[in-house]
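The values are calculated or read from the model by the stated rules, or taken from the named source; none is laboratory data. This structure is a prediction, so every number in the text was calculated from the model and none was measured. Here the Cβ positions follow ideal geometry from the backbone for every residue, glycine too, while neighbour counts run over all protein chains shown. All accessible areas refer to the heavy atoms of the entire protein, side chains included, with ligands and DNA or RNA removed. Shrake-Rupley method; radii C 1.70, N 1.55, O 1.52, S 1.80 Å.
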Amino acid sequence: MLNEHAVKEDDIIAQQKKVVEDIISVRLITEENSVFERTEGGFVSLEFTDGNGEKKFYSRVSVHQCFPYSDPDRYISVREPDRDGREIGLIEDLNKMSKKTKEMILEQLELRYFAPVIIKIRSIRDEYGYSYWDVITDKGPCRFTVRMGGSNVYSIGKNRYLVNDIDGNRFEIPDLYKLTAREIKLLDLYI
Amino acid sequence: MNLCYTLPDELFEKVRPVLKGEKIIYCLPLDLNLNGEFTKFGWTVVTRRRLVVISDDQIGEIIELSEADEIICSHEVNGGILIARQDGSDRLLARFSMRYLTQYSYVARGATLFCRGDSRVLENQEREKYCPKCGKVLPGTQGCPRCAKSGRMFRRFLELCGSYAIRLSAITILMAATSAITVSQQYVNRRFIDNVLVPATGTLGEISAFFFTMLLLTGAALALTAFNTIWSNSLGTRISRDLRARVYAKINQLSLEFISSRQAGELMNRVVHDTSHIRAFMEHAFAQMFTRIFIMAGALIAMVTMNFKLALLTLAFAPAAFALIRAFRRMERRLWRQQWRFDDKVNNRLQDVISGIRVVKSFGQEKRETERFESYVDRMTHIQKRNELFWATLYPFITLIITSGTFLIYYLGGRDVLNDRMTPGQLIQFIAYANMLYMPLQFVSRLPRMIMRLKTSIERINDILDEEPKIADSPDAVDIEIKGDVEFKNITFGYKSYQPVLENINLSVRKGEMIGLVGSSGTGKSTMINLLMRLYDPDEGSILIDGVPITAISKNSLHRQIGVVLQETYLFSGTLLENIRYANPDASRIEVIRAAKIANAHDFITHFPNGYDTYVGEHGYTLSGGERQRIAIARAILHNPRIIILDEATSSLDTETEYQIQEALERLIAGRTTFAIAHRLSTLRKVDRIVVLDNHRIAEVGSHNELMRKKGIYYKMVMAQLEMHSVRK
């Protein structure tokens, strides 16, 4: 009886250790151990063979960039789609995957990351604590509102700026000095 | 927030055949297409039977809700997607930006209810962010200060001013009097020049008569102005004091639901800043507004009657001067704002480094931080210098341009005097009036902004004053003497109606029993406690204390008899004595000492140099976590509650302190019904029954030994904890 209890306890401890190991191990997804496939519903599925040769099929995976700004193509975390979904593995470099896979992953990244880039600033008007922006982005024309003060327009590296609007959307200005002098003057007040 | 927008007519005609006459329950716009591009708005339409997506004016996906398992709104990075889950596979339906995320998450939950045959319709109580009329951002209020009619705002302002309305009108009349004097002074001036000085026939007696008239008028104007200023200021202070008290009282009264839907800082702003905006308006704008406007009007009338042509000429300059002032002000604001922003940056940097000074030092980064800070300061100096230079050169120049209108009067008016069309006195009077007209222009150009700020503040204050407290005592609420039996009956509750945190909770607790609540974070332990304290009312079911529903017990008598020892003990700024007496200010000193002794706090308190008079809280003496907890226990003992709620700290303390706290707690809870959110095994072993919450429901109930034998969730938790300890050792 006592023994049985001890065995159970060991079991649980072993289980826990496995969970921890699972969390901390780095698994790389390569062209060889994975098959990505478009699903009918507009997502991507994955059949992954892990280090022990075990095959597992995921009907939908979601992809996260580890370095969305500084190194967008490398270290793509492929995860189960739910909010606290596990990481299935990392794609070390998207450019080392087959063209077909790369395309699929890029599509999914596009779906996950909504990051319009401001191409042209038509006007910025400020009124009572908020500034109202009218811009053209690579995703089309758009108007949005930014709270004044605080750090809603901020720099992430040389001449590269992000703008957060009051809804939580984020717009990117990749290079301030690629804008016209008039546009820079409009922006001057906020950066 | 609106969950059911009105579909444009022509689109409604298009979807009508698909809907087959069903009523539209939810309808939201889509601002993105599936490629993530801003396009012409699409729509998502939900009836009880189906979900239809319209994009580019075409009907896209149609989902029969009875065939779907779930509709999911997934929060992606800076955007969201709508998914239908059908037989375990996901289908992408639509894409939207963050603007509609909250609304879509409600609609997805609502549609999922329909999938499961539940016909309830969800509502979202959150405020709209944008004014549906003008599209501008709302300052966290229900009404839009921009769209609100000025008349209504003025009425609300008078309402806020309350009993001071009479004094307000008195001040206005006084201001009119001041203005009349100021204008008439120039008339006396003219008489003096024309009748006494120019003909050179005046006597000394006449001169002294004028002297005394002028003295009297000036003195009267000064006295009235001083009086006005004092009155407006004291009135402003009083009104803002009253408002502060009212807003603060209201915030205390409102349910946590209202308060937690707003940031603490925002509510503080309403109490402090918005009320002081009103005061500032009273002091700076109101006191001067009428005087200046009256003076301008008086001067204008006098000018027109004196010399129509010259008056027109002077006026012609006014719009130009006004436009110039406005342009100048915009430039001024721009420069200032740049400077402020930089000030902010420097301050933040400073605060950051000073707060993190240990890290900076321990990594030896002092030099780098100093250099970085210096570069900030250099840039700030540069901006400041530039701004100062700008003021110094531009300001006099602007004043010159604005007043150049009056120079023209010198010329044209001077000609009229020479041609005998005007007397010298009239010219001097006229020039004085022209100045009266031009000088307040700067002030007038600031008025719209000041009024808008006032309107916003009024709106934000009223927003709180108009709110009805959700959890109010029913008129027949009774005071009861609580014995300690507690029953949770079919309780279902969620902070957001679509997301239940507790589902169908049933638990009956006997008087004097100690219940341990366990479960991983987010399973609803604290929520059960919040409901018991009636900080929120459950969506379904009821809580009974001694057989009486808590909704029928007066809040006062309920809270008086429930004691709380929270995980993070909050000590208010004040002495230890005040803090221990917080719930029971009338307790005698010996009672306080007795409570502190029971709480194992007396000894460490008497070791402080200032004993019970030690000042704690902000800017005060810092107590350790263990000490704070014991103060909280003493507070609860003095409170002498019938039901005790204990939220045990997760962080572990040293064994000695831990032992003292345990001991104090045991004394506190003896004979009282206790609910403990427990993390420590030592606590859990002592409780009568353990309630394990899992997935928002009660999963297991029983004593420690029973649950260990059962080898369920609790057993696993205990084992995991033991394992953690053995790893640490």
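Based on this model, can you work out whether residue A:143 counts as at negative phi, open to solvent by 10 Å² or more (accessible area, probe 1.4 Å) and touching a residue at least 12 places away in the same chain (Cβ under 8 Å)? No; evaluated as a whole, the condition is false for this residue. Residues in the stretch B:87-98: is at least one assigned to a helix (DSSP H, G or I), within 13 Å of chain A (Cβ to nearest Cβ) and modelled with pLDDT of 85 or more? For the stretch B:87-98, residues assigned to a helix (DSSP H, G or I), within 13 Å of chain A (Cβ to nearest Cβ) and modelled with pLDDT of 85 or more: present.
Residues are listed down the side, and each one gets a yes or a no for (1) at pLDDT below 75; (2) buried (at least 20 other Cβ atoms within 10 Å of the Cβ); (3) away from chain A (no Cβ under 13 Å):
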site	(1), (2), (3)
B:108	no, yes, yes
B:114	no, yes, yes
B:117	no, no, yes
B:122	no, no, yes
B:129	no, no, no
B:139	yes, yes, no
B:156	yes, no, yes
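Taken as a whole, the structure leaves residue A:46 outside the set of residues that are open to solvent by 70 Å² or more (accessible area, probe 1.4 Å), modelled with pLDDT of 90 or more and among the hydrophobic types (A, V, I, L, M, F, W, C). Among the residues making up the stretch B:499-547, those that are open to solvent by 40 Å² or more (accessible area, probe 1.4 Å) and over 21 Å from residue B:699 (Cα atoms) are B:511, B:535, B:537, B:546, B:547. Among residues of the stretch B:319-340 that are within 11 Å of chain A (Cβ to nearest Cβ) and in contact (Cβ under 8 Å) with a residue 40 or more places away in the chain, those with a beta-carbon under 9 Å from a residue that is surrounded by 14 or more Cβ atoms within 10 Å (Cβ to Cβ) and among the β-branched types (Val, Ile, Thr) at least six positions away or on a different chain give the pairs B:335/B:383; B:338/B:383.
Across the stretch A:151-184, the number of residues qualifying as out of contact with any Leu (no Cβ under 9 Å at 6 or more places or on another chain), within 10 Å of another protein chain (Cβ to nearest Cβ) and outside any strand (DSSP E or B) comes to 4. Scanning the stretch B:410-426 for any residue that is open to solvent by less than 70 Å² (accessible area, probe 1.4 Å), in contact with a Lys or Arg (Cβ under 8 Å, 6 or more places away or on another chain) and either under 16 Å from residue B:314 (Cβ atoms) or in a helix (DSSP H, G or I) (or both) turns up at least one such residue.
Rundown of residues vs (1) among the aromatic types (Phe, Trp, Tyr); (2) open to solvent by less than 80 Å² (accessible area, probe 1.4 Å), yes/no style:
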site	(1), (2)
B:328	yes, yes
B:346	no, yes
B:353	no, yes
B:358	no, no
B:376	yes, yes
B:387	no, yes
B:390	yes, yes
B:394	no, yes
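Is it true that some residue in the stretch B:34-41 is more than 14 Å from chain A (Cβ to nearest Cβ) and open to solvent by less than 30 Å² (accessible area, probe 1.4 Å)? Looking for residues that are more than 14 Å from chain A (Cβ to nearest Cβ) and open to solvent by less than 30 Å² (accessible area, probe 1.4 Å), one finds none in the stretch B:34-41, hence no. Being basic (Lys, Arg) and in contact (Cβ under 8 Å) with a residue 40 or more places away in the chain is not true of residue B:40. Taken over the stretch A:176-190, the criterion of being open to solvent by 50 Å² or more (accessible area, probe 1.4 Å) and under 26 Å from the mean Cα position of the chain (by Cα) is satisfied by A:178 alone. Against the conditions (1) under 26 Å from residue B:113 (Cβ atoms); (2) of a type outside the set (Phe, Trp, Tyr); (3) without any contact (Cβ under 8 Å) to a residue 12 or more places away in the chain, residue B:519 satisfies every one except (3). Taken together, the residues in the stretch B:141-153 that are in contact with a helix residue (DSSP H, G or I) (Cβ under 7 Å, 6 or more places away or on another chain), away from chain A (no Cβ under 14 Å) and either open to solvent by 50 Å² or more (accessible area, probe 1.4 Å) or of a type in the set (A, V, I, L, M) (or both) amount to 2. Exactly one residue out of A:71, A:84 is modelled with pLDDT under 90 and more than 12 Å from every other protein chain (Cβ to nearest Cβ), and it is A:71.
Tallying residues that are within 11 Å of another protein chain (Cβ to nearest Cβ) and free of Cβ contacts under 8 Å to residues at least 24 places away in the same chain within the stretch A:122-138 yields 7. In the set B:399, B:381, B:370, only one residue is modelled with pLDDT under 85 and among the hydroxyl-bearing types (Ser, Thr, Tyr); that residue is B:399. Each residue in the stretch B:681-708 was checked for being in a strand (DSSP E or B) and either open to solvent by 20 Å² or more (accessible area, probe 1.4 Å) or closer than 15 Å to residue B:665 by Cα (or both), and 6 of them qualify. Residues that are in a loop (DSSP other than H, G, I, E, B) and among the charged types (D, E, K, R) within the stretch B:488-537 comprise B:510, B:511, B:513, B:534, B:537, listed in sequence order. Each residue in the stretch B:67-81 was checked for being part of a strand (DSSP E or B) and either more than 24 Å from residue B:117 (Cβ to Cβ) or facing another protein chain (nearest Cβ under 9 Å) (or both), and 7 of them qualify.
Yes/no per residue for (1) buried (at least 18 other Cβ atoms within 10 Å of the Cβ); (2) within 17 Å of the chain's Cα centre (by Cα); (3) assigned to a strand (DSSP E or B); (4) away from every other protein chain (no Cβ under 12 Å):
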{"position": "A:15", "(1), (2), (3), (4)": "no, no, no, no"}
{"position": "A:19", "(1), (2), (3), (4)": "no, no, no, no"}
{"position": "A:53", "(1), (2), (3), (4)": "no, no, no, yes"}
{"position": "A:76", "(1), (2), (3), (4)": "yes, yes, yes, yes"}
{"position": "A:103", "(1), (2), (3), (4)": "no, yes, no, yes"}
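Selection of the stretch A:124-140 for residues being within 15 Å of residue A:187 (Cα to Cα) and open to solvent by 40 Å² or more (accessible area, probe 1.4 Å) yields A:125, A:126, A:136. Candidates B:578, B:666: the one that is within 30 Å of residue B:544 (Cα to Cα), without any contact (Cβ under 8 Å) to a residue 40 or more places away in the chain and outside any loop (DSSP other than H, G, I, E, B) is B:666. Selection of the stretch A:164-174 for residues being over 19 Å from the mean Cα position of the chain (by Cα) and open to solvent by 50 Å² or more (accessible area, probe 1.4 Å) yields an empty set. Scan the stretch A:109-118 and give yes if some residue there is more than 10 Å from chain B (Cβ to nearest Cβ) and assigned to a strand (DSSP E or B), otherwise no. The answer is yes; a qualifying residue exists.
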